[in-house]
Amino acid sequence: MKERVFRLFLNRVGEWISFKDIFIETGLKKPYISRILKSLLLEGLLIRDGDRFHVVDYKGIFRKWIEIRDKIDLLKYFYVYPQVYKINRILEDNGVEYAVTGLFAENIIHGYTPISGVEIYLDSSIFLDIVEMLGEKGLLKSFGKGNLILIPYDKHVFYGKFFLRGWWIVSFPQLALDLVLSKKYGDIGYKLLEEWLEKHA
């Protein structure tokens, strides 16, 4: 849950953000938020003006986020799906919120990386219902690598997502993080982060 705060700060680069906004945007309990902010202030990553907070080291916040995510055993389910490049329409037509990430998402934006299947975040609380719905439309479980990768996760992962070329894509900071953690394309992830920070400097 702590990563919700990091995701918020990195999506709102250059802003002073009030405690109330952090509470509303993350949905976390106030005492928990206070502990996180106190820690970041002590580390010199934030400054404070009354009830508002401002990041002074976004790369430091990103490193903290990496440390947390690196400890999470991310579940990825591989499937074979004949209509994989129409999965966006199928999900949208059924009212399912989603966001693509990884190489497929990066390829939509810039094309620095090769396409290697479609990687999609889904709300973990309704993941099984979504898989059941897709199963009725031809989704097949893969025992090796499939062309569709579904990731059940905290729905805050959708924060800052944007629409491009027919697909909902995770926020730039989230995509940068996912690419960095993929190891092989970490340099592209850092490049995306730099691009994002420069754009909002």
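Taking residues in the range 18-37 that are without any contact (Cβ under 8 Å) to a residue 40 or more places away in the chain, and partners anywhere that are outside any helix (DSSP H, G or I) and acidic (Asp, Glu), the pairs with Cβ atoms closer than 8 Å and at least 6 places apart or on different chains are Ser18/Asp51; Phe19/Asp51; Lys20/Asp51. A count restricted to the range 41-57 and to residues that are buried (at least 18 other Cβ atoms within 10 Å of the Cβ) and in contact with a Phe, Trp or Tyr (Cβ under 8 Å, 6 or more places away or on another chain) stands at 3.
Yes/no per residue for (1) more than 24 Å from Ala176 (Cα to Cα); (2) among the basic types (Lys, Arg):
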position: Asp51; (1), (2): yes, no
position: Arg63; (1), (2): no, yes
position: Glu67; (1), (2): no, no
position: Tyr77; (1), (2): no, no
position: Asn88; (1), (2): no, no
position: Asp93; (1), (2): yes, no
position: Ser125; (1), (2): yes, no
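If the requirement is being under 24 Å from Phe162 (Cβ atoms), of a type in the set (Phe, Trp, Tyr) and touching a strand residue (DSSP E or B) at 6+ places or on another chain (Cβ under 8 Å), which of these qualifies: Phe9, Phe19?
Phe9
Within the range 67-112, the set of residues being within 27 Å of Val5 (Cα to Cα) and of a type in the set (Ser, Thr, Tyr) comprises Tyr77, Tyr98, Thr101.
For Pro173, the test of being modelled with pLDDT of 95 or more, touching a Ser or Thr at 6+ places or on another chain (Cβ under 6 Å) and under 16 Å from Gly102 (Cα atoms) is failed. Meeting the requirement of 2 or more residues that are of a type in the set (Val, Ile, Thr), the helices (runs of 4 or more DSSP H) wholly within the range 1-88 are 19-26, 30-42, 58-70.
Residue-wise test of (1) modelled with pLDDT under 95; (2) in contact with a Leu (Cβ under 7 Å, 6 or more places away or on another chain).
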| site | (1), (2) |
| --- | --- |
| Pro114 | yes, yes |
| Val118 | yes, yes |
| Asp123 | no, no |
| Gly138 | yes, no |
| Lys145 | yes, no |
| Ile151 | no, yes |
| His156 | no, no |
| Gly160 | no, no |
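Considering (1) among the small types (Gly, Ala, Ser); (2) surrounded by 14 or more Cβ atoms within 10 Å (Cβ to Cβ); (3) modelled with pLDDT under 95, the lone condition that Gly60 does not fulfil carries the number (3).
Checked against the criterion of being on the phi > 0 side of the Ramachandran plot, part of a loop (DSSP other than H, G, I, E, B) and touching a residue at least 24 places away in the same chain (Cβ under 8 Å), the candidates Gly160, Gly95 yield just one match: Gly160. One residue stands out in the range 109-149 among those that are among the β-branched types (Val, Ile, Thr) and part of a loop (DSSP other than H, G, I, E, B): the one that is nearest to Tyr79 (Cα to Cα), namely Ile115. Reported count of residues in the range 91-117, each being within 25 Å of Met133 (Cβ to Cβ), crowded, with 17+ Cβ neighbours inside 10 Å and more than 17 Å from the chain's Cα centre (by Cα), is 2.
The values are calculated or read from the model by the stated rules, or taken from the named source; none is laboratory data. Predicted model, so just to flag it, every value in this text is computed and none were measured. For neighbour counting, all protein chains shown are included, and Cβ atoms are generated from backbone atoms with ideal geometry for every residue, glycine included.
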